[in-house]
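These notes are about the structure you will find just below.
What follows draws every value from the coordinates through simple rules; no lab data is involved. Keep in mind that this is a model prediction, so the values were computed, not measured. All Cβ positions, glycine included, derive from the backbone under ideal geometry; neighbour counts span all protein chains shown.
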Amino acid sequence: MNARWRAAMERALGDRRTILTGVLLILVGALAKLVFFRYAANIETIFAVSIVAGSVLGRWWTVLVPMSSFAIVEAFSWGGPYAGYGTTIVLGLTFFMGTGFLFVGLTGRLFKPHMVMRVKGFALMTTISIPLTIAYDLWTDVGEYYFIAKPQGLTFWQVLAGQPIFTAVHILSSLVFVPLVGMGLYYLHTVVWPATSESVAQAPPRPTDDR
């Protein structure tokens, strides 16, 4: 039973190197977001690690990376930037942002069969990030309109009118952080952690000494 459980967990999370990579992506996405939050809230490092997790790691990391990074940031936001909002508004905004990041990770997962740890693969991820960024912003605009703007008598078009500059910076951050995170993973996998458990398991057996 124990061996069966370990095998199931390895199918879900991968080998030790994959697990370390997934945890690292969670920490990078959350901590970098907290650093930039005070100065530029639309610099989205969680967006970057979400698409990279889906495209490169797959498995449960497609969901674990965006949701865990987002949960860490939200724990700080509830006592900070969200302090002036009511519980209903905070929960509503949390739903739209959380499902937005989940959508990014799942969309990245669709491209995993085409993903290679090379410049071509990072270029593909970066290209995908542009329409995904726009889609994410439009989705979160719906939440902002419903929970904040509409009670104030504003229309959805007024919400969209204030979005272009925010989205432009968001796209720029995606163009920077998606390839940056991807190249960081490439460095880890080829230089820092070049050997994998699978390669060790597949290594030819050592000759036995019959003497």
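Take each complete run of DSSP H in the chain, measure how far its Cα atoms stretch along the helix's own axis, and keep only those covering 20 Å or more with mean Kyte-Doolittle hydropathy at least 1.0; list them. Write out the running numbers ahead of the final one.
Values: long enough: 16-37 (31 Å, 1.75); 61-77 (23 Å, 1.35); 87-110 (34 Å, 1.46); 119-144 (37 Å, 0.73); 164-187 (34 Å, 1.59).
What comes out of the filter, once short or polar helices are dropped, is 16-37, 61-77, 87-110, 164-187.
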Size of the dipole of the chain about the Cα centre, Lys and Arg at +1 and Asp and Glu at -1 on the beta carbon, nothing else charged, in debye to 20?
-> 480
For the chain, with a Gaussian network of springs between Cα atoms less than 10 Å apart, report the residue from 165, 72, 148 with the top mean-square fluctuation.
-> 165
Correct choice for Rg/Rh (Cα atoms, Kirkwood Rh) that was computed from the model, options [x] 0.98; [y] 0.95; [z] 1.08 = [z]
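How much mean residue ellipticity at 222 nm does the chain get from its helices, if each DSSP H run of length 4 or more adds -39500 (n - 2.57) and you divide by all residues, to the nearest 500 deg cm²/dmol? Walk me through the intermediate numbers first.
Details: 9 runs with 144 residues, N = 211.
Helix contribution divided over all residues of the chain: -22500 deg cm²/dmol.
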Determine ³J(HN,Hα), in whole Hz, for all residues of the range 154-162 in sequence, where each value follows from phi through the Karplus function 6.51 cos²θ - 1.76 cosθ + 1.60 and θ = phi - 60°; x replaces Gly and Pro.
-> 8, 9, 5, 5, 5, 5, 5, 5, x
Point-to-point label distance, residue 24-residue 130, nm (Cα→Cβ direction, 7 Å offset) | 2.9
Please work out the C-alpha center-to-center distance from the range 91-148 to the range 34-67 and express it in whole Å.
-> 9
